[in-house]
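As structure tokens, the structure follows; a few thoughts come after it.
The values are calculated or read from the model by the stated rules, or taken from the named source; none is laboratory data. It should be emphasised that the depicted structure is a prediction, and the values quoted were computed from it without experimental measurement. A quick note on method: Cβ atoms are made from the backbone with ideal geometry, for glycine too, and the neighbour counts reach across all protein chains shown. These accessible areas exclude ligands, DNA and RNA; they are computed on the full protein's heavy atoms, side chains included. Shrake-Rupley method; radii C 1.70, N 1.55, O 1.52, S 1.80 Å.
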Amino acid sequence: MFADVIVDISSGLLDKTYQYSIPQCLENEAVVGAPVEIPFGHGKREGYIVGLSKEEKIAIERIKPIFSVKKRGQVIESQMIALAYFIRENFGATMNDALRTVIPVKQAVRRVEKKTVVLVCARDVAGDMLALAVRKKHAAKERLLRALLSSHELSWEKVQGELSVSAATVQTLVREKIVAVRVQESYRDPLAGILQFPGESTDLPPLNDMQQRICEQITTDRRMGVNKTYLLHGVTGSGKTEVYLSVIEAVVRGGQQVIMLIPEIALTYQTLNRFYKCFGERVSILNSRMSAGERYDQILRAKNGEIDIMIGPRSALFTPFDRLGLIILDEEHESSYKSETPPKYHAREVAIERARLCGASVILGSATPSLTAYERARRGEYKLFTLKERAAYGAQMPEVSIVDLREELSAGNRSIFSRTLQEKMKKRLEDGQQTILFLNRRGYAGFVSCRACGYVMKCPHCDISMTEHNDGTLVCHYCGERQKKPALCPVCGSKYIAGFGTGTQKIEQEAQKMFPFARVLRMDADTTRKKESYEEILSAFSQGKADILVGTQMIVKGHDFPNVTLVGILAADLSLNSNDYRASERTFELLAQAAGRAGRGKLPGEVIIQTYQPEHYAVKMAAAADYEGFFAQEMAYRTALSYPPSSHILAVLILSAKEEHALETADILAKAAREFIEKTAPQIALIGPAPASLSKANDLYRRMIYFKESDYSLLVALKNFLEGYILYSEHFKSANIQFDFDPISGY
């Protein structure tokens, strides 16, 4: 028997399988997906079995035997290997990178052990031993024996802490067969401090007629063995979560498991509390804020069938459920579902492929679906369901007003807050209601510049301006570089160097200054660095411990605060100015989602959109909650310029420590691509090479080549050709080349 093994190293130059023979003693353990130790070069390496065969593919004398099958870590199931191949083929990455993506936890982490010291001898024997300890003045032994004679068993923590008995003393009594140390393994609890009402449980929420019809359609399809991808387009507050819960209940009742993806860790707190109250301890979470031990334990619980529902961001998609019946992507439109590091996969596409491999269904939910998902639903690839009204009895969509900031300036108002917003905020404070202030930016100011010479403080490692924070620190939000703000301009020596723009810290300060008695909370990347900071801030606000919540995108994604009746959007058009073909779509999504936080309870809501571009269709249609109108106008623009989803884009990013090498590498790659296009697919459009919009980052120079084509398979073929070209050329060894299909952010 032979095994195809992929070597566990990052280099794309070794992105292929190697054949090894399987010793007879290892045949039962050498299954597809097993981690193995193999001879490689002049030493040993670790790899993964990705295929088995009975015939040799190379000369038998060249085939070496596997050394061993590794016991540690998680074995990758065949399904996950197939998923890794799908990612590697469709998104451009080494097979090793794809495998690392689908393996939730590579290294096994030691389980938590609960130790108990137990008296195992007869009481009279223990009494004699106690008397002996007293005579010999063995104080520690005396304390331990007296305690054990009183309570028979003691926790290890009490023995070492309260009784101050060393491990050596305990081991002496173990050898004398007076006591025994019992060890019980337990799981680390990632939910400690997160669950608000862990003791309570509730029935599933009642459904209205439309919600009920949607649930019945999905569950009927499943009973008939029909597994589809469904797009649930519901306005904010329309009860998409209630639909999820009802379908999940049916899936779990049928003995299957569910993965619930959410776009932000910040949503874990609210989502988990709702799910836990309905499904209890069969629910768990996975996210990057958890320790390696917590992640390992939850993966182990999933693998052992001890949980039914896993909640988490993109990486939770690879939970090793063997009875997976349903995958849900909530807030499907969110850009966080697309990986920004190789392999640059999209969770939506991988979720659909995983569902196909295991016979599961997929639900995509959003108030503002991505154009890609909505276009596929229009073409019939997905089944479309629509919820056009809010679910709560009597709840209405908020009243939205657009404020032209140019007119505010003309009227002499230089405040961050328009006059209308100030008025509305004051009224909410008087009425005991809450306000959310949303800004799509973090930090205290946009950038630091000299008014005398125009010099802008930039990161020494990246081609990007640094952001001023209120502690006098300048921070590069790309690589993390930190510097103290200079008192004088480094170029001309002028003292007129200052921060320009507005950040969340400044808004927080201005709100506190304008309303001194208001309780203000801020939630952004700077205030959520600690593990449980998301839960602490959201819990405080939901419990009414603050009047105003200031924040970035993370506060407008799916949260439900019934007492929030006012949302102020302070820089509505900020995202319109990004170098991204999705700028209008992003703006519409953010504005519509932010507006949807208001009036979700019994009280009516209001939204104030402050903008310098009130006439832009993304702003106007977000204010009107007109998704269909926005979709029609945006799709016309995408079609005219051959942008996704009308067409597809393959972006190739070339990175090198030397600028000349980056230029030369990009030119060589573009020339090779032109030859492929001329011979195979002349309809593919080539754009570039050109400098990336961020031309230098982390001391690496960046060049871009773009390809456009409506047939995705042709771009995949081009990618495969370029990967082969790179593999067999020495020139590319000192460059990093990354492929990205249908990128959703600028480079």
Members of region 555-584 that are touching a Gly at 6+ places or on another chain (Cβ under 6 Å) and either open to solvent by less than 20 Å² (accessible area, probe 1.4 Å) or modelled with pLDDT of 90 or more (or both): Thr565
Could you grab me the full set of residues in region 218-232 that are farther than 16 Å from Arg390 by Cβ and either surrounded by 14 or more Cβ atoms within 10 Å (Cβ to Cβ) or hydrophobic (A, V, I, L, M, F, W, C) (or both)? Ile218, Thr219, Asp221, Arg222, Met224, Val226, Asn227, Lys228, Thr229, Tyr230, Leu231
What are the pairs, 6+ residues apart or on separate chains, where a residue within region 635-655 that is under 13 Å from Ala685 (Cα atoms) has its Cβ under 9 Å from a residue that is open to solvent by 40 Å² or more (accessible area, probe 1.4 Å) and assigned to a helix (DSSP H, G or I)? Tyr643/Tyr637; Ser647/Thr639; Ser647/Leu641; His648/Tyr712
Name the residues in region 122-172 that are within 19 Å of Gln184 (Cα to Cα), among the charged types (D, E, K, R) and either open to solvent by less than 30 Å² (accessible area, probe 1.4 Å) or part of a helix (DSSP H, G or I) (or both), would you? Glu157, Lys158
Testing Ile309 on (1) modelled with pLDDT of 85 or more; (2) more than 22 Å from Pro369 (Cβ to Cβ); (3) open to solvent by 30 Å² or more (accessible area, probe 1.4 Å), one condition comes back false. Which one is that? (3)
Could you tell me whether any residue of region 485-496 is within 30 Å of Asp699 (Cα to Cα), at pLDDT 85 or above and charged (D, E, K, R)? yes
Members of region 401-443 found to be in contact with a strand residue (DSSP E or B) (Cβ under 8 Å, 6 or more places away or on another chain), part of a helix (DSSP H, G or I) and of a type in the set (S, T, N, Q), listed by number: Thr420
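Results for (1) in contact with a strand residue (DSSP E or B) (Cβ under 7 Å, 6 or more places away or on another chain); (2) assigned to a helix (DSSP H, G or I), shown as yes or no for each residue.
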| position | (1), (2) |
| --- | --- |
| Leu231 | yes, no |
| Gly237 | no, no |
| Ser246 | no, yes |
| Gln298 | yes, yes |
| Ala302 | yes, yes |
| Ile307 | yes, no |
| Ile311 | yes, no |
| Asp322 | no, no |
| Gly325 | yes, no |
All but one of (1) open to solvent by 10 Å² or more (accessible area, probe 1.4 Å); (2) modelled with pLDDT under 95; (3) over 22 Å from Thr220 (Cα atoms) hold for Asp330; which doesn't? (3)
State which residue is farthest from Gly41 (Cα to Cα) when the search covers only region 55-70 and only residues that are open to solvent by 60 Å² or more (accessible area, probe 1.4 Å) and in a loop (DSSP other than H, G, I, E, B). Glu55
Criterion (within 26 Å of the chain's Cα centre (by Cα) and modelled with pLDDT of 85 or more) met by exactly one of Ile262, Ile178, Ile218: Ile262
Those residues of region 721-735 that are within 30 Å of Arg482 (Cβ to Cβ) and surrounded by 16 or more Cβ atoms within 10 Å (Cβ to Cβ) come to a total of 1
Could you say whether any residue in region 370-377 is open to solvent by 20 Å² or more (accessible area, probe 1.4 Å) and of a type outside the set (Ser, Thr, Tyr)? yes
